[in-house]
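Heads up: the structure comes next, in structure tokens.
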Amino acid sequence: MRTILLAHVKRVVIKIGSGVISNSAGLDLDRIATLCEDVHQLRQRGYEVILVSSGAVAAGKADLGIVGKPKTIPLKQAAAAIGQSRLMRAYKDALRQHGLKAGQVLLTRDDLANRRRYLNARNTLMTLLEYGIVPIINENDTVVVDEIRFGDNDNLSAMATNLVEAQLLVILSDVDGLYDSDPRSNPEAQLISEVERLTPEIEAMGGIEGSDLGTGGMVTKLKAAKRATLYGAGTAIINGRTPHNLLYLFDGHELGTYFLPARDPMAARKHWIAFTKKPKGKLILDEGAQKALAERGKSLLPSGILKLDGSFERGDAVRLCDLNGHEFAKGVTNYSSTELSRILGKKTKEIEAILGYQYGDEVVHRDNLVMNTSDE
Ligand code: GLU
């Protein structure tokens, strides 16, 4: 029984994959109805529920005569434009049966990478919750281009978990959870019930591809689980096609795979720096600076920087790399790339003489620094 693990949960993000609520013909309204019944039950039990739902492309592609996945980005975006309103309509109709209302929130990664817009999106979601509305988030597929794409809704759901400060992320998938090998080719494959820490060995088990309907396979789900657990939220991957699995999970039944929250979670702001804010450049540090940051919890000073790459402004995120170019941290820089190119390698007391002003001794203050962030 997992009751104890879920005992602290008040707010939950539920990610619903295309493979769960659609079939080759489009949306599966019966499944959506069953899921909304569960959402209603969870709300009755006092949980705040935020949905992250895929399915826009799946709901719209038939109108374009597409079978399987759309082959080009414009076709995908056109399918999403047709399908998103259909998807929302389906949820609204199903939730209305239980006296519930829904609010649509469409996001791009850019919306969350900018701190002001991030806080604004957060306010919108909090207001919806305060008024008892069920927020339904999706990526704003019709306008995103590569640079501002979350890529898949697994990733988006992990960001949303951080955004709304939920204690649990449930990923509803069309598979039962994480297996130690591919269950379709290996009848001996074992479902992994609990993961305490997402080690590289566990990540390697994610090599199993997903269905045709959604974007993500197990790899993207594990990445999402990693991000959510690092923020301090437990993450469950369960089969969303089995009716009422969501309720069984909350009843304490051991189903799917549950990833425990990290023991020393990152604060929401640090998590945002690590995973949402998009790094604009790269700093190569000397060994002394790297050790000072990694082992002694120090801030980064200009003297420890050997080289910089990219063009960035004060306030942007940058990757911090060792001599071999391996990223070991990310941080928010106090100096732009133009300023930094003039002060790198110099002593802090020289900053003002060189630039004519200074924003502080640190290029990256330790409060704006996050270690071990590389996962892509
Ligand atoms: N946003 C896409 C949709 O609504 C789905 C992306 C995904 O499956 O991860 O169809």
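The values are calculated or read from the model by the stated rules, or taken from the named source; none is laboratory data. What you see is a predicted model; the values in this text were computed from it and never measured. All Cβ positions, even for glycine, are placed from backbone atoms using ideal geometry, and neighbour counts span all protein chains on display.
For the reader, a short list of remarks on this structure follows.
- Within segment 78-107, restricting attention to residues that are in a helix (DSSP H, G or I), of a type outside the set (A, V, I, L, M, F, W, C) and more than 10 Å from the ligand (Cβ to nearest atom), the residue that is nearest to SER157 (Cα to Cα) is TYR91.
A quick yes/no check of all residues on (1) hydrophobic (A, V, I, L, M, F, W, C); (2) under 30 Å from PRO265 (Cβ atoms):
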position	(1), (2)
LEU306	yes, no
GLU313	no, yes
VAL318	yes, yes
VAL332	yes, yes
SER341	no, no
LEU344	yes, no
LYS349	no, no
ALA353	yes, no
HIS365	no, yes
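- Filtered by the rule that a residue be within 15 Å of the ligand (Cβ to nearest atom), in a helix (DSSP H, G or I) and within 22 Å of the chain's Cα centre (by Cα), segment 1-34 gives SER18, GLY19, VAL20, ILE21.
- Beta carbons closer than 8 Å, at least 6 apart along the sequence or on distinct chains, pair a first residue in segment 149-170 that is more than 26 Å from GLU254 (Cα to Cα) with a second that is within 16 Å of the ligand (Cβ to nearest atom) and charged (D, E, K, R) for ARG149/ARG109; ARG149/GLU139; PHE150/ARG109; PHE150/GLU139.
- Among residues of segment 202-239 being in a helix (DSSP H, G or I), at pLDDT 85 or above and more than 16 Å from the ligand (Cβ to nearest atom), the one that is surrounded by the most Cβ atoms within 10 Å (Cβ to Cβ) is TYR231.
- For GLY256: the one exception among (1) without any contact (Cβ under 8 Å) to a residue 24 or more places away in the chain; (2) within 25 Å of the chain's Cα centre (by Cα): (1)
- Checked against the criterion of being outside any loop (DSSP other than H, G, I, E, B), touching a Lys or Arg at 6+ places or on another chain (Cβ under 8 Å) and modelled with pLDDT under 90, the candidates ASP141, ASP154, ASP111 yield just one match: ASP111.
- Residue satisfying condition, being in a helix (DSSP H, G or I), surrounded by 15 or more Cβ atoms within 10 Å (Cβ to Cβ) and of a type in the set (Asp, Glu), within set GLU362, GLU352, GLU339: GLU339
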